[in-house]
1. Quick one: net charge around ARG244, please, counting Lys, Arg +1 and Asp, Glu -1 for every other residue with C-beta under 9 Å from its C-beta.
2. Rolling a 1.4 angstrom probe over the protein chains, ignoring ligands and nucleic acids, what is the accessible area of MET163 in square angstrom, nearest 10?
3. In whole Å, what are the extents of region 157-253 along the principal axes defined by its C-alpha atoms, from largest to smallest?
4. Would you please calculate the Kirkwood hydrodynamic radius of region 211-276 over all C-alpha pairs and express it in Å, rounded to one decimal?
5. Which FRET efficiency value, to the nearest 0.05, do you get for SER438 and LYS143 by plugging their Cβ-Cβ distance into 1/(1 + (r/R0)^6) with R0 = 45 Å?
6. Rounded, prolate or oblate: which fits region 186-233 when a ≥ b ≥ c are the square roots of the eigenvalues of the alpha-carbon gyration tensor, with rounded for a/c under 1.5 and prolate only if a/b beats b/c?
7. Give me the extension gain from LEU387 to ASN160: residue separation times 0.36 nm, minus the current Cα-Cα distance, reported in nm with one decimal.
8. How much accessible area does LYS217 have with a 1.4 Å probe, in Å² rounded to the nearest 10?
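The values are calculated or read from the model by the stated rules, or taken from the named source; none is laboratory data. The structure displayed is predicted, hence computed values, not measured ones. Heads up, the Cβs are rebuilt from the backbone with ideal geometry, glycines too, and the neighbour counts pull from every protein chain shown. We work out accessible area using only protein heavy atoms, side chains counted, and drop any ligands, DNA or RNA first. Shrake-Rupley method; radii C 1.70, N 1.55, O 1.52, S 1.80 Å.
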Amino acid sequence: MTAPLGRLTWVNYDNTSESLKDDENTSIIKSHAMRMVHETKKGARKTSQKQTAQTLWDERKLTARTPLVHHPGTDWEAVAVCQFLQAFVYPNCTSPVIAFQYLSFLPELYGTSFARTCLTEAIVAVATARLSNKTDRGTEASKLSLRARRAYTSALNLVNKSMGVPIERKSDAVLATLCLLAKYEMLTADMNQDLFQAHERGQVALVDERNQAEWLKSDTGVSLFQLVYVRHILNCVATSGEPRMDLGCEEGKLAFPAPCVLGLMRIIRRIAVLRCQAAADPLGDTKETTISYYIADNAVKLDSDMTALRENLPAELDYRSISNLQASRKPSKTLYVPPKTHIFTDLQHASYWHVFFCGRLHVLQTLLQYATYQTISSPEALHTRILSTVDDICASVPFALYEEECSLAFISTEDGGAVAGHYLTWLLAAASVVESISEPQRRWLLERLVYIGRVHGVQEALRRA
């Protein structure tokens with residue numbers, strides 16, 4: 001017996017001026033993804049607010065994966081698409097932090113037709129791969145995995161055909177397809193990372209071919225451009241790759257209207273360039289050269305600019321922190337507990353700071369690489385700041401992953417949690433390889449990556465753990 005889909009409820013989204021658009025998007029999702037959807041029993045996940053953080057965490061680890069219960073006639077593809085859209089389609093709802101909505105363009109692009117296109121096949125691929133990852137190995141999970149691979153192959157064939165038609169090649173749907181194919185690589189964590197990077201390069205090439213200004217003429221185009229730009233720059237920071245996207249003066253204001261967001265995006269791009277230059281300067285930490293002095297000087301300037309950005313943020317963009325009594329009362333050499341927990345307004349607000357902490361960590365690591373230069377602080381001071389930044393990263397995790405009582409007002413269902421896991425995967429991976437952190441803290445970070453992989457179906461998180 002199946003139950004019809006109720007109205008989708010976005011996390012912290014109460015903007016009544018968008019209600020008509022919400023109704024339309026909900027109708028689209030219903031017509032395509034919710035043909036026969038079973039209501040998920042969530043009572044087991046509604047743990048008491050009186051339980052300690054560690055108890056909550058232990059119980060969620062034990063129930064991270066559950067087997068698919070087979071009901072005759074269940075359309076698992078529809079179930080998968082439903083769950084994926086509900087978990088990953090996060091609308092633009094926070095002012096003034098408006099850069100970090102995620103896949104909010106999908107419902108509109110999905111359309112009302114049941115025809116198979118490169119975009120619909122890509123959605124089926126990521127959705128079924130995610131649902132397969134979230135469940136124990138079994139007959140249905142294996143079928144979902146096979147369906148995901150077939151849909152992925154079909155999407156690749158269809159998008160390759162579209163690439164040969166100039167009008168289709170420049171369409172929103174083709175760019176959205178490439179975004180989802182890259183997402184598929186993260187969900188499946190194929191050891192051949194060349195495929196993920198190929199999809200990333202394809203997205204950048206499509207944006208360049210159509211011209212930035214053209215993308216920024218529609219809401220869908222703006223959302224697509226934001227996603228491609230942010231992912232590309234963060235990917236370059238993580239891999240020390242050379243960024244191939246930049247923001248013009250006017251294009252930057254259109255893509256990221258909030259000055260604080262635009263300022264952060266410009267800084268993160270500069271960090272990507274810095275990391276690329278440092279990676280190409282293997283003698284920088286042992287031999288003083290002209291280029292080494294240039295890199296060291298840029299690192300110092302970036303560090304100063306990030307401090308200035310933080311000090312000049314509007315009051316509403318700052319977060320508040322609460323002390324963790326469990327950490328202060330029970331210090332342990334074998335168990336790490338974040339000394340504090342950061343409280344954010346919502347997911348977009350948290351994501352802004354996740355990006356900031358990511359940039360700060362990489363700048364400090366570059367400064368440490370060039371710590372012998374006179375303009376840079378002592379290695380001891382840099383190590384202290386790096387450890388403080390990693391603590392900030394750990395303090396931002398409980399809110400997003402629903403570990404503490406502070407999260408109960410943020411995520412009352414699974415909505416948005418997968419997006420938090422997406423942003424946190426890169427951040428936790430970067431923090432976990434910092435040499436100077438304690439082993440209990442490293443283990444704590446890796447456990448959260450495992451949790452993201454199991455609960456949200458992101459195999460890339462498991463690979464990095």
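1. -2
2. The accessible area comes out at roughly 60 Å².
3. Answer, in whole Å and largest first: 39, 32, 19 Å.
4. Answer for region 211-276: a Kirkwood hydrodynamic radius of 11.9 Å.
5. FRET efficiency, SER438 to LYS143: 0.55.
6. It is prolate, given that a/c is not under 1.5 and a/b is the larger ratio.
7. Values: separation 227, 0.36 × 227 = 81.72 nm, distance 4.61 nm.
Answer, rounded to one decimal: 77.1 nm.
8. 150
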